[in-house]
Amino acid sequence: MARPLLFLALLCASLTFTACDGLRIELIHADAKANRTVTERTRRATERTHRRLASMGGDVVTAPVHWSETQYIAEYHIGNPPQRAEAIIDTGSNLIWTQCSGCRTSSTGCFTQNLTLYDPSLSRTLRPVSCNGTACALGSETRCARADAKTCGVLTSYGAGAIAGVLGTETFAFGASPSANASLAFGCITATALTPGSLDGASGIIGLGRGALSLVSQLGETKFSYCLTPYFSDASNTSHLFVGASAGAGANGSTATSVPFVKNPSDDLFGTFYFLPLAGITVGEAKLDVPASAFGLRQVSPGQWAGTLIDSGSPFTSLVDVAYRALRAELAAQLGGSVVPPPAGVEGFDLCVAVAQGDAGKVAPPLMLHFNGSGGAGGAASNLVVPPENYWAPVDEDTACMVVFNSAGPNATLPTNETTIIGNYMHQNMHLTYDLGNGVLSFQPADCSSL
């Protein structure tokens with residue numbers, strides 16, 4: 001992982017003791033904050049998944065998955081005196097950013113957010129980054145219009161649109177009280193053109209990708225983890241993000257599955273993501289007849305790559321076409337007479353069963369994801385069990401539907417239609433630890449509300 005120079009590397013000398021022990025950040029599901037029903041939450045997540053896949057078609061070349069369809073929100077404070085802000089956590093992007101007071105929804109297309117816009121004029125700790133500043137050269141998200149420009153700009157595109165503003169450094173504080181402070185480079189955004197509803201009312205993004213501007217890189221850490229409470233749990237059951245020494249803590253005695261990351265391609269956009277060596281899928285006792293090459297990292301056109309990604313910023317999982325069709329056919333055969341059409345008015349699903357809310361596990365089988373060892377064909381393999389409740393969701397009181405989708409959906413183009421994305425619904429009640437120093441991702445079943 002690339003690390004910033006001392007200007008950005010936030011070592012323990014510049015943090016409080018609490019931060020040196022590692023950051024612990026509470027996360028709340030956006031739909032739980034709004035007190036939506038189970039059915040409404042499923043519908044919203046499904047709509048976001050389909051919008052994401054559709055938004056990535058067209059003539060604009062973008063990386064295969066970004067934060068545009070996500071739900072887990074972190075609260076933090078920015079500036080001195082501190083101002084409240086909210087951000088979506090996203091392993092599929094790098095930049096930390098928030099909308100600023102210069103952003104006006106009527107004139108620049110900025111989106112409505114839950115909290116008051118961050119006002120840089122009220123902060124004593126904001127520092128603009130110049131074009132020749134170290135931070136301005138750390139990623140593709142930053143640029144200067146002219147060689148003599150004084151302020152480093154931010155201009156970057158995502159699946160849901162684009163954002164623009166300026167780069168600065170500011171004091172950030174995470175947790176219930178603003179006591180563990182860190183100086184971070186961030187985007188002060190003054191113009192956006194994003195799909196409506198992309199951020200669920202949050203103020204911006206906390207990028208957790210591999211790039212130098214991500215939260216993990218700026219803190220100089222090599223490990224982070226998160227544990228996501230179920231979509232349909234009470235809003236008081238918060239999820240947590242851990243960065244640094246606290247990451248991976250709270251072992252509960254359950255067995256962890258460790259998977260090596262696949263080495264990233266050198267093309268800039270695709271160097272952000274966390275690729276995994278998925279090799280196959282078993283449904284109950286039946287292994288799908290899908291070649292491992294369908295999931296492998298490969299170049300699909302000049303400068304564009306497809307493979308298997310794990311992404312906290314995607315709600316539901318999407319499989320490449322050959323795997324999706326095999327999964328659906330096998331499940332339909334195993335479920336037999338339990339299969340029913342989607343309820344009237346419910347769209348976007350093509351495999352549903354008659355079952356009471358919360359009882360999908362009584363009908364549907366678990367999945368097992370098979371991973372190669374050593375990030376490729378060699379080495380010891382590992383397997384991850386996905387319980388039915390992590391890939392089926394209730395759509396009404398008497399029906400549940402499979403929430404795994406086809407990457408080759410309407411309007412999908414390269415590389416999206418050749419990419420498998422393991423979305424955050426499959427991460428529920430799993431403690432995921434990203435050990436970047438050792439190049440390993442670990443999954444450990446957990447009661448995430450208790451961490």
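Within region 246-273, being open to solvent by less than 50 Å² (accessible area, probe 1.4 Å), of a type in the set (S, T, N, Q) and either under 17 Å from MET430 (Cα atoms) or touching an Asp or Glu at 6+ places or on another chain (Cβ under 7 Å) (or both) holds for SER246, SER254, THR257.
Would you be able to tell me the number of residues in region 300-319 that are in contact with a strand residue (DSSP E or B) (Cβ under 8 Å, 6 or more places away or on another chain), crowded, with 23+ Cβ neighbours inside 10 Å and not charged (D, E, K, R)? Within region 300-319, residues that are in contact with a strand residue (DSSP E or B) (Cβ under 8 Å, 6 or more places away or on another chain), crowded, with 23+ Cβ neighbours inside 10 Å and not charged (D, E, K, R) number 13. The single condition among (1) free of Cβ contacts under 8 Å to residues at least 40 places away in the same chain; (2) under 20 Å from the mean Cα position of the chain (by Cα); (3) over 18 Å from PRO196 (Cα atoms) that ALA162 does not meet is (3). From LEU297, LEU276, grab the single residue that is open to solvent by 50 Å² or more (accessible area, probe 1.4 Å) and either closer than 28 Å to SER217 by Cα or within 22 Å of the chain's Cα centre (by Cα) (or both). When all the criteria are applied, what remains is LEU297. The residue pairs whose first member lies in region 198-215 and is part of a loop (DSSP other than H, G, I, E, B), whose second member is charged (D, E, K, R) and modelled with pLDDT under 95, and whose beta carbons are closer than 6 Å, counting only pairs six or more residues apart or on different chains, are ALA202/GLU86; SER203/GLU86.
Scanning region 210-223 for residues that are open to solvent by 20 Å² or more (accessible area, probe 1.4 Å) and over 23 Å from GLY373 (Cα atoms) turns up at least one hit. Among the residues of region 75-118, just one is among the aromatic types (Phe, Trp, Tyr) and open to solvent by 10 Å² or more (accessible area, probe 1.4 Å), namely PHE111.
Residues are listed down the side, and each one gets a yes or a no for (1) more than 27 Å from VAL355 (Cα to Cα); (2) assigned to a strand (DSSP E or B):
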residue	(1), (2)
LEU384	no, yes
CYS401	no, yes
MET426	no, no
ASN438	yes, no
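The lone criterion from (1) closer than 19 Å to THR134 by Cβ; (2) surrounded by fewer than 18 Cβ atoms within 10 Å (Cβ to Cβ) left unmet by GLY201 is number (1). The residues of region 329-360 that are surrounded by fewer than 17 Cβ atoms within 10 Å (Cβ to Cβ) and part of a helix (DSSP H, G or I), listed by number, are ALA329, ALA332, ALA333, GLN334, GLY336, GLY337, SER338. For THR156, state whether it is surrounded by 15 or more Cβ atoms within 10 Å (Cβ to Cβ) and in a loop (DSSP other than H, G, I, E, B). No: the conditions fail for THR156.
Here GLY336 meets the list (1) under 23 Å from the mean Cα position of the chain (by Cα); (2) over 19 Å from VAL259 (Cβ atoms) almost entirely, failing just condition (1). Exactly one residue among GLY92, GLY102 is under 22 Å from the mean Cα position of the chain (by Cα) and either on the phi < 0 side of the Ramachandran plot or in a strand (DSSP E or B) (or both), and that residue is GLY92.
Looking at ASP447, ASP435, ASP398, can you tell me which residue is open to solvent by 20 Å² or more (accessible area, probe 1.4 Å) and either in contact with a Lys or Arg (Cβ under 6 Å, 6 or more places away or on another chain) or free of Cβ contacts under 8 Å to residues at least 12 places away in the same chain (or both)? Of the residues listed, the single one that is open to solvent by 20 Å² or more (accessible area, probe 1.4 Å) and either in contact with a Lys or Arg (Cβ under 6 Å, 6 or more places away or on another chain) or free of Cβ contacts under 8 Å to residues at least 12 places away in the same chain (or both) is ASP435.
The values are calculated or read from the model by the stated rules, or taken from the named source; none is laboratory data. Quick caveat, the model's predicted, so the values are computed rather than measured. Please note: Cβ atoms are built from the backbone with ideal geometry, for glycine as well, and neighbour counts cover all protein chains shown. Accessible surface is based on the protein model in full, side chains and every heavy atom, while ligands, DNA and RNA are left aside. Shrake-Rupley method; radii C 1.70, N 1.55, O 1.52, S 1.80 Å.
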